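Remarks on the structure that follows.
The values are calculated or read from the model by the stated rules, or taken from the named source; none is laboratory data. It should be emphasised that the depicted structure is a prediction, and the values quoted were computed from it without experimental measurement. Cβ placement follows ideal geometry from the backbone for every residue including glycine, while neighbour counts extend to all protein chains displayed.
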Amino acid sequence: MTQNNSLEAWLAEEREVIARLDAGPGPGLASPEQIEGKTGLEVMQAMLRGEIRYAAIAKTLDFTILSVSSGIAVFQGTPLPQHLNPLGTIHGGWVATLLDSALGCSVHTMMPPGRAYTTAELGVNYVKGLTPKVQRVRAEGKVIHCGRQLATAEARLVGPDGTLYAHATTTCLVFETKR
């Protein structure tokens, strides 16, 4: 996980990233011309610089991509009352979506130009109930293996105090994009 795990540091980093994203073109889809010939890491870095659009689901579900590097993607989410299930904890689907985003984007950073991926399997283990009392959580996805046809990754969802709320794995199918 990120070196400085204080909530204040997490919030400051989030504000910085959101300011860059908001200064860019906003949520939506990058044009084919914007991604053509670029590696997955280059595309993700351009998105974080606010040069191309970012995934609209991040606005819908109140989470933000914070950083990417080769084989790693970090997201931060805000568990809010609108994400609660009838039992009073954050819905497992919200947790799974945040983890899936970190997992998928970690795999995305490994794609060479002309290659893409899709999730074939997602496994989530919920280990502690999450409520809006936890102001932020982070999901860090890390690639385990990335080959020509298959990629695997793992992710953990933690609070600023290091509490583990869930962990997940994915298997992704890797394929050539149509030209």
Which listed residue, of Gly28, Gly88, Gly24, Gly123, is within 23 Å of Ala153 (Cβ to Cβ) and among the small types (Gly, Ala, Ser): Gly123
Residues within segment 154-163 that are farther than 27 Å from Met110 by Cα and crowded, with 17+ Cβ neighbours inside 10 Å, tallied: 1
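Okay, residues lined up against (1) modelled with pLDDT of 95 or more; (2) touching a strand residue (DSSP E or B) at 6+ places or on another chain (Cβ under 9 Å); (3) within 27 Å of Thr152 (Cα to Cα):
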{"site": "Ser6", "(1), (2), (3)": "no, no, no"}
{"site": "Ala12", "(1), (2), (3)": "yes, no, no"}
{"site": "Met44", "(1), (2), (3)": "yes, yes, yes"}
{"site": "Leu48", "(1), (2), (3)": "yes, yes, yes"}
{"site": "Ile52", "(1), (2), (3)": "yes, no, yes"}
{"site": "Ile65", "(1), (2), (3)": "yes, yes, yes"}
{"site": "Ser69", "(1), (2), (3)": "yes, no, yes"}
{"site": "Val74", "(1), (2), (3)": "yes, yes, yes"}
Segment 125-141, subset closer than 17 Å to Asn5 by Cβ and under 17 Å from the mean Cα position of the chain (by Cα), residue surrounded by the fewest Cβ atoms within 10 Å (Cβ to Cβ): Arg136
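Just to check your reading of the model, which residue among Ala151, Ala102 is crowded, with 22+ Cβ neighbours inside 10 Å, in contact with a Cys (Cβ under 6 Å, 6 or more places away or on another chain), among the small types (Gly, Ala, Ser) and free of Cβ contacts under 8 Å to residues at least 60 places away in the same chain?
Details: Ala102 fails: in contact with a Cys (Cβ under 6 Å, 6 or more places away or on another chain).
Being crowded, with 22+ Cβ neighbours inside 10 Å, in contact with a Cys (Cβ under 6 Å, 6 or more places away or on another chain), among the small types (Gly, Ala, Ser) and free of Cβ contacts under 8 Å to residues at least 60 places away in the same chain holds for just one of Ala151, Ala102, which is Ala151.
Residues are listed down the side, and each one gets a yes or a no for (1) over 22 Å from Pro113 (Cα atoms); (2) touching a helix residue (DSSP H, G or I) at 6+ places or on another chain (Cβ under 8 Å); (3) acidic (Asp, Glu):
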position	(1), (2), (3)
Trp10	yes, no, no
Glu13	yes, no, yes
Glu16	yes, no, yes
Ala23	yes, no, no
Met44	no, yes, no
Arg49	no, yes, no
Ala73	no, yes, no
Pro81	yes, no, no
Gly92	yes, no, no
Some residue of segment 15-26 being surrounded by 15 or more Cβ atoms within 10 Å (Cβ to Cβ) and within 23 Å of Thr163 (Cβ to Cβ): yes
Top-ranked residue of segment 106-124 - restricted to ones that are under 17 Å from the mean Cα position of the chain (by Cα) and over 16 Å from Leu173 (Cβ atoms), ranked as surrounded by the fewest Cβ atoms within 10 Å (Cβ to Cβ): Val124
Residue in segment 49-66 that is closer than 22 Å to Lys142 by Cα and basic (Lys, Arg) present: yes
Filter result for Lys142 (in contact (Cβ under 8 Å) with a residue 60 or more places away in the chain and basic (Lys, Arg)): yes
Residue within segment 92-105 that is more than 19 Å from Leu164 (Cα to Cα), under 9 Å from the mean Cα position of the chain (by Cα) and modelled with pLDDT of 95 or more present: yes
